[in-house]
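**Q** One structure coming up, written as structure tokens, with questions to follow.
The values are calculated or read from the model by the stated rules, or taken from the named source; none is laboratory data. In this text the structure is predicted, and so the values were computed from the model without any measurement. Here the Cβ is made from the backbone with ideal geometry for all residues, glycine too, and neighbour counts use every protein chain on show.
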Amino acid sequence: MTYAIRIYQHGGPEVLRLEQLEIPSPGPGEVRIRQTAVGLNFIDIYDRTGLYPVALPGGLGREAAGVVAEVGPGVRQLREGDRVAYVHTSTGAYASDRVMPAERVVKVPDGVSDDEAAAAMLKGLTAWYLLRRTYRVRKGDTVVILAAAGGVGLIAVQWANHLGAQVIAVTGSGEKAELAREHGAHHTILLGRADLAARVREITGGKGVPVVYDSVGKDTFFASLDCLRPLGMMVTYGNASGPVPPIAPLELAKRGSLFLTRPTLFHYIARRRDLVAAARELFGVIAAGAVKVRIGQRFPLSDAAVAHEALESRRTTGSTVLTP
């Protein structure tokens, strides 16, 4: 048996239900994981509300960590007792046990806790592809990171700093700005209290930046575009304020032949070898202390609805973990 959060309709946090379910033994190529920590992410809210449609009834959650409790036929890379973590395209991580395809599970090394691994698989690997693949940050670059005090943001701020970039962190409050500075931001901008593009131009001597990482979406899209230098890249990877409306390509031309991309993590880790390499790099910077995964909040799995309310109202900082 497993305890799991299920939804039967899209809606607010009130649609989340804790239920006891039968869990099958793992089949060929699968493992059963006894989960010790589950990561909470904004994509869970998109799934719950129906912005990203999921089959109903269904579960929520895409990342977790724990211990391999049972190994199915044909699995060679994992064995019972291994500490592991995963991020997956299918929902269902909000549970005490879960059966997963072994090829989508990675081992967690010593020096990285279960909470860190659960909080870092989706958010940390998102920071990885943003900084290492979508736009490869180099020493001397100046980058703008919005929602810099959130789960992805704090990891990205530290990692960009580690790579030698100057980091302009955009946050929604003075408290969050201080948190971003504590994690390596060189400059901070309070959203709504300063003209974002004008302040970035001031910081960069009028040049603008080569890349903006924007997970806020609708409310900041054009201001983020205006932060870029000619041939700069706009990376819009989230919708915290709502989806970005359609834009005319000429908007990119008149601002300096800009590049625009809307990436998602799962395209970057579709092959196992890419997933393993990405996780190795992520766990490496965590174990070395270059990136610290800040667990700002912990909630019992049974309080998942309360956790959703806190995240959706932007009362959280860093990462949030649910404990089964």
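**Q** Please enumerate the residues belonging to the range 101-134 that are at pLDDT 95 or above and part of a loop (DSSP other than H, G, I, E, B).
**A** Correct list: Val108, Pro109, Val112, Ser113.
**Q** Something else about it: Check Thr171, Thr126, Thr89, Thr142 and return the single one that is polar (S, T, N, Q) and over 30 Å from Val200 (Cβ atoms).
**A** Sole residue among the options that is polar (S, T, N, Q) and over 30 Å from Val200 (Cβ atoms): Thr89.
**Q** Of the residues Glu178, Glu202, which single one is free of Cβ contacts under 8 Å to residues at least 24 places away in the same chain, in the same structural domain as Ala149 (by TED's automatic domain parsing) and under 13 Å from Thr317 (Cβ atoms)?
**A** On inspection, the qualifying residue turns out to be Glu178.
**Q** Can you tell me which residue within the range 231-263, out of those that are polar (S, T, N, Q) and modelled with pLDDT under 95, is surrounded by the most Cβ atoms within 10 Å (Cβ to Cβ)?
**A** Within the range 231-263, the match that is surrounded by the most Cβ atoms within 10 Å (Cβ to Cβ) is Asn239.
**Q** Tell me which residues, restricted to the range 17-41, are surrounded by fewer than 22 Cβ atoms within 10 Å (Cβ to Cβ) and under 16 Å from Phe299 (Cα atoms).
**A** Arg17, Leu18, Thr36
**Q** Val105 fails exactly one of the following numbered conditions: (1) in contact with a Phe, Trp or Tyr (Cβ under 9 Å, 6 or more places away or on another chain); (2) touching a residue at least 40 places away in the same chain (Cβ under 8 Å); (3) closer than 22 Å to Ala304 by Cβ. What is the number of that condition?
**A** Of (1) in contact with a Phe, Trp or Tyr (Cβ under 9 Å, 6 or more places away or on another chain); (2) touching a residue at least 40 places away in the same chain (Cβ under 8 Å); (3) closer than 22 Å to Ala304 by Cβ, only one is false for Val105: (3).
**Q** Next question. Can you name every residue in the range 77-100 that is assigned to a loop (DSSP other than H, G, I, E, B) and buried (at least 24 other Cβ atoms within 10 Å of the Cβ)?
**A** Within the range 77-100, Ala93, Tyr94 meet the criteria.
**Q** Considering only the range 262-279, how many residues are under 29 Å from Ser224 (Cβ atoms), of a type outside the set (S, T, N, Q) and not in a helix (DSSP H, G or I)?
**A** Number of matching residues: 4.
**Q** Filter the range 86-104 down to residues that are in contact with a strand residue (DSSP E or B) (Cβ under 6 Å, 6 or more places away or on another chain), of a type outside the set (Ser, Thr, Tyr) and within 14 Å of Ile269 (Cα to Cα), then give me how many there are.
**A** 2
**Q** Restricting to the range 135-174, what's the tally of residues that are assigned to a helix (DSSP H, G or I) and without any contact (Cβ under 8 Å) to a residue 24 or more places away in the chain?
**A** Count: 1.
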